[in-house]
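The values are calculated or read from the model by the stated rules, or taken from the named source; none is laboratory data. Since this is a predicted model, take the numbers as computed values, not measurements. Note: ideal-geometry Cβ built from the backbone for every residue, glycine included; neighbour counts use all protein chains shown. Heavy atoms of the whole protein, side chains included, go into the accessibility calculation; ligands, DNA and RNA do not. Shrake-Rupley method; radii C 1.70, N 1.55, O 1.52, S 1.80 Å.
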Amino acid sequence: MTDPALSRRRVLAAGGLGAGSLLLSGCDRLNASPAFKGLLADVGQLHMRAQRLITGDALAREFGEADMSPVFRANGSVRSDDPIYRAHLGTGFADWRLRVGGLVRKPLELSLDALKALPQRSQITRHDCVEGWSAIGKWQGPKLSTILAAAGLLPEARYAIFHCADLLEGKPYYESIDLIDAFHPQTILAWRMNDAPLSEAHGAPLRLRVERQLGYKQAKFVMRIDLTDTLSGIFGGKGGYWEDSRGYQWYAGI
Ligand SMILES: Nc1nc2c(c(=O)[nH]1)N[C@H]1C(S)=C(S)[C@@H](COP(=O)(O)O)O[C@H]1N2
Ligand SMILES: [Mo]
């Protein structure tokens, strides 16, 4: 119902706010009432929640410095025996490059310095491993969205695949996320953890932090990011090392 005359008649029938000025002052009075303000706030919350459900933009909870775990254990691979990786580790990753390719307009090769020079995000979040432990840590690095924007996605791009330097039980570790999580504001490529450069055990020089997902999605030792239109044909086709080998859930939302 958008007929102004009709809605005006309804207003009049409902209690007699007549002229424009009266309507205004009526609104002012309403606005001043605490109950009405509360109602507006509730509607705002509801709208935000609904919108985030639709856009997938809900943020993972962030914590304060005081909440950081005194010990953040390292899990899965805590080193890579790949000779090229070991050589890069030995030289402080000075000549190492993160490669970004696949369904992009402009493939990139980014040095650690280049990644550090991009706008940074820092976040204190809780890491939840399916093996039954959690830890709160601080992560810093450029947003993945910044890097993907620089590479320019081709229209067919659907997934970002993270190729890692380590093998688990002889097989390369890898992970993947869709573009909603890839462009999520808390999805970063962390080179810094708890105010220090990432250690080897935690995935030096670079790891994924995708904060609304379980521990196994947080790919360590990330060497290459490939944009694809499908997960099939990549290793076991289920989108990740654990997904392929143990049938772990691909989305792995917390
Ligand atoms: N490349 C690689 N990434 C990985 C793993 C791994 O074995 N290799 N293990 C995963 C699992 S199961 C967890 S819980 C976290 C552990 O991260 P942390 O060592 O920093 O605690 O890394 C994830 N990312
Ligand atoms: Mo894990």
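Step by step: first the residues of the range 192-219, then only those that are polar (S, T, N, Q) and more than 9 Å from ligand 1 (Cβ to nearest atom), then the one that is least open to solvent (accessible area, probe 1.4 Å). Which residue is that? Step through it out loud before you land on a result.
Just the residues of the range 192-219 that are polar (S, T, N, Q), to begin with: 194, 199, 213, 218.
From the residues that got through so far, the ones that are more than 9 Å from ligand 1 (Cβ to nearest atom) too are 194, 213.
Values: N194: 54, Q213: 6 Å².
The qualifying residue least open to solvent (accessible area, probe 1.4 Å) is Q213.
Can you name the residue in the range 106-127 that is over 25 Å from L227 (Cα atoms) and open to solvent by less than 20 Å² (accessible area, probe 1.4 Å) and is also nearest to ligand 2 (Cβ to nearest atom) among such residues?
H127
Are any residues in the range 69-78 surrounded by 13 or more Cβ atoms within 10 Å (Cβ to Cβ) and more than 10 Å from ligand 1 (Cβ to nearest atom), and if so, which ones?
S69
For the range 220-239, give me the residue count where each residue is open to solvent by 10 Å² or more (accessible area, probe 1.4 Å), more than 10 Å from ligand 1 (Cβ to nearest atom), touching a strand residue (DSSP E or B) at 6+ places or on another chain (Cβ under 8 Å) and not basic (K, R).
Within the range 220-239, the first condition is being open to solvent by 10 Å² or more (accessible area, probe 1.4 Å), and the residues that meet it are 220, 223-224, 226, 228-238.
From what's left, more than 10 Å from ligand 1 (Cβ to nearest atom): 224, 226, 228-238.
Retained after the next criterion (residues that are touching a strand residue (DSSP E or B) at 6+ places or on another chain (Cβ under 8 Å)): 224, 226, 228-231, 234-235.
Imposing the further condition that a residue be not basic (K, R) reduces the set to 226, 228-231, 234-235.
Residues meeting the conditions: 7.
Does the range 239-254 contain any residue that is within 16 Å of the chain's Cα centre (by Cα), farther than 18 Å from A74 by Cα, within 15 Å of ligand 2 (Cβ to nearest atom) and not in a loop (DSSP other than H, G, I, E, B)?
For the range 239-254, residues within 16 Å of the chain's Cα centre (by Cα), farther than 18 Å from A74 by Cα, within 15 Å of ligand 2 (Cβ to nearest atom) and not in a loop (DSSP other than H, G, I, E, B): present.
May I ask you to say which residue of L98, L168, L103 is among the aliphatic types (A, V, I, L, M) and crowded, with 20+ Cβ neighbours inside 10 Å? Walk me through it before giving the result.
Details: L168 fails: crowded, with 20+ Cβ neighbours inside 10 Å; L103 fails: crowded, with 20+ Cβ neighbours inside 10 Å.
Result of the check over L98, L168, L103: L98.
Would you point out the residue of the range 129-165, among those that are open to solvent by less than 10 Å² (accessible area, probe 1.4 Å) and away from ligand 1 (no atom under 13 Å from the Cβ), that is nearest to the chain's Cα centre (by Cα)? First the steps, then the outcome.
Here is the first cut: in the range 129-165, the residues open to solvent by less than 10 Å² (accessible area, probe 1.4 Å) are 135, 137, 139, 141-142, 144, 147-148, 151, 157, 160-162.
Next, from what is left, pick out any that are away from ligand 1 (no atom under 13 Å from the Cβ): 141-142, 144, 147-148, 151, 157, 160.
Working: G141: 12, P142: 11, L144: 8, I147: 13, L148: 13, A151: 18, A157: 17, A160: 12 Å.
Going through the qualifying residues, I end up with L144.
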